[in-house]
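The values are calculated or read from the model by the stated rules, or taken from the named source; none is laboratory data. Values in this document were obtained by computation on a predicted structure and should not be read as measured data. Every residue, glycine as well, gets a Cβ built from its backbone with ideal geometry; the counts of neighbours run over all protein chains shown. Just the protein is used for accessible areas: all its heavy atoms, side chains included, with ligands, DNA and RNA removed. Shrake-Rupley method; radii C 1.70, N 1.55, O 1.52, S 1.80 Å.
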Amino acid sequence: MSNTKIKSAIISVFNKEGLAPIVKALNSQGVTIYSTGGTQSFIEDLGIEVKRVEDLTSYPSILGGRVKTLHPKIFGAILNRKDNTQDQQQLQEFEIPSFDLVMVDLYPFEETVAAGGTHEEIIEKIDIGGISLIRAAAKNYKDVMLVSTRTQYNDFLSILTEQNGEVTLAQRKAFARDAFNVSSHYDTHIFNYFNKGEQAVFKQSITEAQVLRYGENPHQEGIFYGDLDEIFDKLHGKELSYNNLLDVDAAVCLMEDFKNDAPTFAILKHNNACGLATRETLVQAYKDALAGDPVSAFGGILMANKTIDVATAELINDLFCEVVIAPSFDEKSLEILKSKKNRVLLVQKPIDLPKKQFRTILNGVLAQDRDTITETVENFETVTKVAPTAQQKEDLVFANKLVKHTKSNTIVIAKNGQLLASGTGQTSRVDALNQAIHKAKSFNFDLNGAVMASDAFFPFPDCVEIANLEGINTVVQPGGSIKDKLSIDYCNEHGMAMVFTGNRHFKH
């Protein structure tokens, strides 16, 4: 059959919002409605006649509502094939009706977990009857229309009213497709709740998707799977692109390590910070972050850990930038920054970042724990005769936070809470250091008294030697090389201070 005229329906939903107009439309078209429990009472309160499922099955709802619809008469009414003579004969033999419409949703399992429900509460939100009804109706989409989520109510109501209760085969198939998406998403979250990472199985499901203008390049398709509204309030600007989102992610992860610090401003380009500074005021932090590399800052992503004020906004407004992120903006600063129509302004909401990270490679997926280690002064092990001063320790913490969020191989040079330069993504640590030194000098920074951070250990003393010759006299690195002593000896011979953290921070 191509078109199905809805004559009989079973409706059993947990969430009744938006249900009334559909029930009224079905009733006006003479549809016989079967229902259970709360949905039955809801329909009756609308003054609409409804048949009880328990009268059809001759069984009441039992086991505290765990068993209501699990019965051959219910599933026979859904799974019968209207063009199969034997099926229709058996319906008559066992006095089973034939449902043309199934409306059902699922208990809010995912929401109960997110709300911190007890284990017992969560278990009771594992739907049995609902998921079974969905699978049965979706399987038999050739004859049955299935509405499996409240997000479909408006579309279904339009079909009812515009097509006078007739549903095409293409529409039934599309709704069935959506139903299998609902059921697979539901089961994925149940599995992950039980699994807790014990089985090495990759199961993820995200139902929100945003089609992007393109991927990294115009010839590549790009889609973001996730809910940006959960993380940001977007106040102004164009839609975020694929590359914007990569940079925004890098900025958010970086600032996570500075969120409780004094006013800090970061400028990122191609996932790496080209400017970062911590100061007593945000406006000064912005000035010094920009000074780190005013050339690369053009078209970058800007992020602050404090409210964007007027003084800072006025300076930002002179720079072409794609995105500005902050915990808040004052009213006047918003007015200033909105003067550029495409500039994206985002307020980041308080949120815990995912504990797992995923990346597609070859014909599979890599998964790892997020790098959540952020070293403090207490984590430093001084391995040289000279110990860093209090100010140098602050700079070492600052530089080490930054090196953690910069592409490997990387070296970060910092001084007085300011990024002077970094060498990013180099195949040699020496190359990374030389790149950082060259860049810092090109912007006329004085390297004397600066500190150096490395994301991994030094296999040879060449980096500390190069640093010392430029006036950099304090170093933080993980340690762990079989030749650590060579670097330590060089530092001791030249009055340098060096601390080990014991933690490598590769970021490929």
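I need a count of the residues in the range 460-490 that are open to solvent by less than 60 Å² (accessible area, probe 1.4 Å), over 42 Å from the mean Cα position of the chain (by Cα) and over 23 Å from LEU419 (Cα atoms). Qualifying residue count for the region: 3.
Using the structure shown, decide if ILE22 is touching a residue at least 60 places away in the same chain (Cβ under 8 Å), under 26 Å from LYS125 (Cα atoms), in a helix (DSSP H, G or I) and open to solvent by less than 60 Å² (accessible area, probe 1.4 Å). Yes; evaluated as a whole, the condition is true for this residue.
Residues checked against (1) on the phi > 0 side of the Ramachandran plot; (2) without any contact (Cβ under 8 Å) to a residue 12 or more places away in the chain; (3) among the acidic types (Asp, Glu):
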residue: GLY165; (1), (2), (3): yes, no, no
residue: PHE175; (1), (2), (3): no, no, no
residue: VAL182; (1), (2), (3): no, no, no
residue: HIS185; (1), (2), (3): no, no, no
residue: THR188; (1), (2), (3): no, no, no
residue: ILE206; (1), (2), (3): no, no, no
residue: GLN210; (1), (2), (3): no, no, no
residue: GLY222; (1), (2), (3): no, no, no
residue: ASP229; (1), (2), (3): no, yes, yes
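Residue-level check: of (1) within 20 Å of ILE33 (Cβ to Cβ); (2) of a type outside the set (Asp, Glu); (3) assigned to a helix (DSSP H, G or I), LEU146 misses just (3). Against the test of being under 23 Å from LEU157 (Cα atoms), open to solvent by 20 Å² or more (accessible area, probe 1.4 Å) and free of Cβ contacts under 8 Å to residues at least 40 places away in the same chain, the options ASP45, ASP55 yield a single qualifying residue, ASP45.
Yes or no, residue by residue, for (1) aliphatic (A, V, I, L, M); (2) within 13 Å of LYS385 (Cα to Cα):
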{"site": "ASP462", "(1), (2)": "no, no"}
{"site": "ASN468", "(1), (2)": "no, no"}
{"site": "ILE472", "(1), (2)": "yes, no"}
{"site": "GLY479", "(1), (2)": "no, no"}
{"site": "LEU486", "(1), (2)": "yes, no"}
{"site": "ASN492", "(1), (2)": "no, yes"}
{"site": "GLY495", "(1), (2)": "no, yes"}
{"site": "MET498", "(1), (2)": "yes, yes"}
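Number of residues in the range 109-121 that are under 22 Å from the mean Cα position of the chain (by Cα) and open to solvent by 30 Å² or more (accessible area, probe 1.4 Å) equals 6.
Would a scan of the range 231-253 turn up a residue that is among the small types (Gly, Ala, Ser), touching a Ser or Thr at 6+ places or on another chain (Cβ under 7 Å) and buried (at least 17 other Cβ atoms within 10 Å of the Cβ)? Let's see the steps before the verdict.
From the range 231-253, those among the small types (Gly, Ala, Ser) are 237, 241, 250-251; that's our starting set.
Then drop every residue that is not touching a Ser or Thr at 6+ places or on another chain (Cβ under 7 Å), which leaves none.
Within the range 231-253, none of the residues are among the small types (Gly, Ala, Ser), touching a Ser or Thr at 6+ places or on another chain (Cβ under 7 Å) and buried (at least 17 other Cβ atoms within 10 Å of the Cβ).
Is there a residue in the range 436-455 that is within 16 Å of GLY502 (Cβ to Cβ) and hydrophobic (A, V, I, L, M, F, W, C)?
Looking through the range 436-455, at least one residue is within 16 Å of GLY502 (Cβ to Cβ) and hydrophobic (A, V, I, L, M, F, W, C).
Every residue, every condition in (1) crowded, with 16+ Cβ neighbours inside 10 Å; (2) of a type outside the set (Asp, Glu); (3) more than 14 Å from VAL475 (Cβ to Cβ), yes or no:
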position: ALA390; (1), (2), (3): no, yes, yes
position: GLU394; (1), (2), (3): yes, no, yes
position: VAL397; (1), (2), (3): yes, yes, no
position: ASN409; (1), (2), (3): yes, yes, yes
position: LEU420; (1), (2), (3): yes, yes, yes
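Out of all the residues in the range 355-372, which are closer than 24 Å to ASP455 by Cβ and open to solvent by 80 Å² or more (accessible area, probe 1.4 Å)? Across the range 355-372, the qualifying residues are LYS355, LYS356, PHE358, ARG359, THR360, LEU366, GLN368, ASP369, THR372.
Scan the range 314-358 for residues that are farther than 30 Å from GLY197 by Cα and either acidic (Asp, Glu) or outside any strand (DSSP E or B) (or both) and report the count.
Kept after step one, since they are farther than 30 Å from GLY197 by Cα, are these residues of the range 314-358: 314-347.
Filter once more, keeping what is either acidic (Asp, Glu) or outside any strand (DSSP E or B) (or both): 314-320, 322, 327-328, 330-343.
Of the residues in the range 314-358, 24 are farther than 30 Å from GLY197 by Cα and either acidic (Asp, Glu) or outside any strand (DSSP E or B) (or both).
Note on the range 287-325: residues that are open to solvent by less than 10 Å² (accessible area, probe 1.4 Å) and touching a helix residue (DSSP H, G or I) at 6+ places or on another chain (Cβ under 8 Å) total 14. Of the residues contained in the range 62-71, one or more are found to be open to solvent by less than 50 Å² (accessible area, probe 1.4 Å), outside any helix (DSSP H, G or I) and free of Cβ contacts under 8 Å to residues at least 24 places away in the same chain.
Within the range 95-122, the set of residues being within 22 Å of GLN204 (Cβ to Cβ), assigned to a helix (DSSP H, G or I) and in contact with a helix residue (DSSP H, G or I) (Cβ under 9 Å, 6 or more places away or on another chain) comprises PHE109, GLU110, THR112, VAL113, ILE122. Applying the condition of being under 15 Å from GLY479 (Cβ atoms) and in contact with a Lys or Arg (Cβ under 9 Å, 6 or more places away or on another chain) to the range 373-382 and asking which residue is surrounded by the fewest Cβ atoms within 10 Å (Cβ to Cβ) yields ILE373.
It is to be established whether one or more residues within the range 484-499 are basic (Lys, Arg) and over 24 Å from SER296 (Cβ atoms).
Within the range 484-499, the subset basic (Lys, Arg) is 485.
Going one step further and asking which of them are over 24 Å from SER296 (Cβ atoms), we end up with 485.
Yes, the range 484-499 has at least one match.
Only one of SER8, SER2, SER12 is in contact with a Gly (Cβ under 9 Å, 6 or more places away or on another chain), among the small types (Gly, Ala, Ser), in contact (Cβ under 8 Å) with a residue 12 or more places away in the chain and under 22 Å from GLN171 (Cβ atoms). Can you tell me which? None of the others qualify; the one that does is SER12.
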